[in-house]
Amino acid sequence: TQSTWGHMSARVLSASRALSWRRPPSGVTRKAMPPNHTQHNAPLRLFSSSSSKQGGARPTSDDALRAIQEQERQGKPTAIKDPTKSRFHIPWGDPEFYNANKLDNELRRVFDICHGCRRCFNLCNSFPRLFQMIDEDADGQVEKLPSSRFKEVVDDCTLCDMCYLVKCPYVPPHPLEVDFPHLMLRYRAVENQAHNVSASTRIEGTSPTVDSPHRQEIFPVDEGVDRKLTLQPLPIGEKQLLHTDRNGMIASMAPSVANWALSEKNQMTRTVAEHVVNVHRDASLPKFVGRSKTFTKAAVAEPLSPNPNAPAFASKRKVVLYSTCLVNWNEPDIGHAARRVLIHQGVHVEVCYPECCGMPFFEAGQLGDVAQRAKDICDTLLRYVRDGYSVISLTPSCTIMIKEKWPLLLPQDRGVGKVQAATFDIAEYVMDIARKEGINTDGLRPLMSHVALHQACHSKAQNVGFKAHDMLKLIPSADLQVIDKCSGHGGSWGCKKQCHSTALKVGKPAARQAVRIAESQASSQQNSPSDSSTPVVSSECMLAGQHILQGMQHLNQTVAAKVQRSLHPIELLATAYGFSEPTR
């Protein structure tokens with residue numbers, strides 16, 4: 001049977017929220033709650049809530065909802081939108097958002113709630129570090145913890161959103177209104193305050209802060225406790241890593257030289273890079289391709305027409321592939337595989353890549369850059385959306401930016417809402433075809449590989465189920481074993497000098513499971529000499545897959561050597577159709 005990974009966690013989450021909902025006693029309003037309750041209520045509502053009675057807008061625009069309804073009336077595919085309907089907007093354009101004293105107050109309020117709950121102890125390193133700080137250095141009391149220590153917790157957050165979506169019972173619409181990852185994001189935004197405030201004056205569509213009834217409440221601390229936050233803007237060297245398009249363009253001019261310099265085997269250049277841009281010398285980095293081999297260039301050079309014999313051809317489906325910076329500059333095989341699979345299903349495919357979605361800037365708290373990129377990219381994609389195209393994103397982190405982060409940053413921007421309503425992840429869209437018209441089975445054959453399939457956190461965060469797993473189950477006799485553990489990479493976080501060893505530790509359970517899967521296949525091959533298949537690690541996030549491979553090398557080099565590469569699930573489906581093997 002086909003699995004619906006993610007739906008089970010959603011049901012558990014819904015049940016946990018229902019059980020943890022604390023309603024005030026009959027006849028008592030929130031403002032009249034006793035002190036032992038109000039100490040946990042928000043002194044400052046960080047984000048405008050859709051459930052607020054004080055004028056807060058919905059997290060997605062009405063235009064987005066109308067666009068979804070119109071697509072449904074026309075029989076066009078519609079992705080599941082807005083998985084976090086109660087999540088607050090990010091009011092990055094409001095100067096109050098950058099008030100360091102109110103940020104410190106909110107950090108203490110949320111840390112006190114987390115300290116008393118601890119359900120997220122086994123997620124990213126932020127929570128173990130927070131709990132250790134409180135237990136060992138503050139005698140178990142947030143009131144004794146100096147604010148200068150908070151940055152240690154913030155720097156360990158990867159913004160994967162798993163605590164918000166899977167673990168935390170206190171997220172909105174719960175009265176405690178906890179959003180841990182976006183609180184960490186706010187801290188980073190405060191560190192880049194000057195940049196963000198200047199950007200907000202020229203970008204329309206932001207949302208104001210909505211006051212909480214307890215905005216003026218001050219979280220108590222012990223006498224003499226330092227309440228000055230450690231605020232350190234991103235160093236100029238690390239800022240250069242955020243510009244993925246500029247870096248990709250430069251590297252594509254001489255890819256062999258760039259890849260030689262970036263190889264972890266080249267300790268001379270990597271040692272220099274470690275000091276200049278803070279990338280750990282042993283961290284595995286993506287390889288670059290030449291200018292003519294980038295996905296957008298190669299796609300233009302190879303025009304393809306939709307298959308008229310496919311079941312979906314009569315539906316006149318049209319998509320535009322938003323290639324993302326990773327696919328365009330580093331992993332064009334993913335784009336080619338997606339394009340060929342969709343063409344084989346009878347879908348008309350265009351390719352478009354205006355620029356990076358802004359995820360690196362989002363991680364760094366430079367929200368003004370993200371908002372500007374969102375508006376610029378939407379200006380381009382809207383031309384396709386208005387002509388009936390669906391938008392397909394080829395990287396989960398970029399998909400979650402379009403589906404959730406852009407609308408939270410620009411909730412009043414109609415263009416952002418319309419693009420959000422039309423956007424799918426690639427596996428999600430393939431399964432939409434399979435469900436509505438049926439998949440084209442011509443040429444589909446079994447894979448000669450045992451697949452260790454990892455579900456990336458930003459795939460889970462879309463809350464549409466494990467579509468990559470469902471998609472690969474369409475392949476006859478598919479041998480899939482799921483790795484439902486954190487890879488430990490966390491975007492650029494896992495590459496940083498101070499984080500790489502922790503990233504390997506966090507990802508060790510996933511790497512260990514991948515090793516066991518490969519060992520199991522090697523054992524079965526001994527009993528069946530005719531079996532010449534090789535194990536494959538697959539993840540929708542190529543950085544996560546690459547990090548798992550590196551973790552496997554630390555655990556068992558012999559077994560890891562048999563897994564030559566990590567592949568995207570769409571590449572495996574393309575291989576099953578008999579399209580050309582990936583070149584990397």
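The values are calculated or read from the model by the stated rules, or taken from the named source; none is laboratory data. This is a predicted model, so every value here is computed, not measured. A quick note on method: Cβ atoms are made from the backbone with ideal geometry, for glycine too, and the neighbour counts reach across all protein chains shown. Note: areas computed on protein heavy atoms with side chains; ligands, DNA, RNA excluded. Shrake-Rupley method; radii C 1.70, N 1.55, O 1.52, S 1.80 Å.
Residue 165: under 21 Å from residue 396 (Cβ atoms), surrounded by 21 or more Cβ atoms within 10 Å (Cβ to Cβ) and at pLDDT below 90, yes or no? Here the answer is yes, as residue 165 does meet what is asked. Of the residues making up region 406-424, at least one is in contact with a Leu (Cβ under 6 Å, 6 or more places away or on another chain), within 28 Å of residue 344 (Cβ to Cβ) and in contact (Cβ under 8 Å) with a residue 40 or more places away in the chain. Considering only region 445-466, state which residues are open to solvent by 30 Å² or more (accessible area, probe 1.4 Å) and more than 11 Å from the chain's Cα centre (by Cα). 445, 446, 447, 448, 450, 463, listed by residue number.
Screening residue 574 with (1) open to solvent by less than 20 Å² (accessible area, probe 1.4 Å); (2) under 28 Å from residue 290 (Cβ atoms); (3) modelled with pLDDT under 90 gives one miss only, at (3). Would you call residue 383 without any contact (Cβ under 8 Å) to a residue 24 or more places away in the chain and either farther than 22 Å from residue 579 by Cα or aliphatic (A, V, I, L, M) (or both)? Yes; evaluated as a whole, the condition is true for this residue.
Quick one: which of 434, 371 is of a type in the set (A, V, I, L, M) and buried (at least 24 other Cβ atoms within 10 Å of the Cβ)? The match here is 371.
Scanning region 332-358 for residues that are open to solvent by 20 Å² or more (accessible area, probe 1.4 Å) and either in a loop (DSSP other than H, G, I, E, B) or closer than 20 Å to residue 251 by Cβ (or both) turns up 333, 336, 353, 354, 355.
Of everything in region 218-264, what is over 24 Å from the mean Cα position of the chain (by Cα), of a type outside the set (A, V, I, L, M), at pLDDT 90 or above and open to solvent by 70 Å² or more (accessible area, probe 1.4 Å)? Give them in sequence order. Correct list: 256, 260.
Exactly one residue out of 388, 415 is assigned to a helix (DSSP H, G or I) and more than 16 Å from the chain's Cα centre (by Cα): that is 415.
When region 85-122 is filtered for residues that are charged (D, E, K, R) and assigned to a loop (DSSP other than H, G, I, E, B), the ones remaining, listed by number, are 85, 87, 94, 118, 119. Applying the selection to region 496-510, what residues are in a helix (DSSP H, G or I), more than 9 Å from residue 547 (Cβ to Cβ) and open to solvent by 20 Å² or more (accessible area, probe 1.4 Å)? Within region 496-510, 501, 502, 505, 506, 508, 509 meet the criteria. In the set (1) under 21 Å from residue 365 (Cβ atoms); (2) assigned to a loop (DSSP other than H, G, I, E, B); (3) modelled with pLDDT under 90; (4) not hydroxyl-bearing (Ser, Thr, Tyr), residue 178 fails one condition alone, (3).
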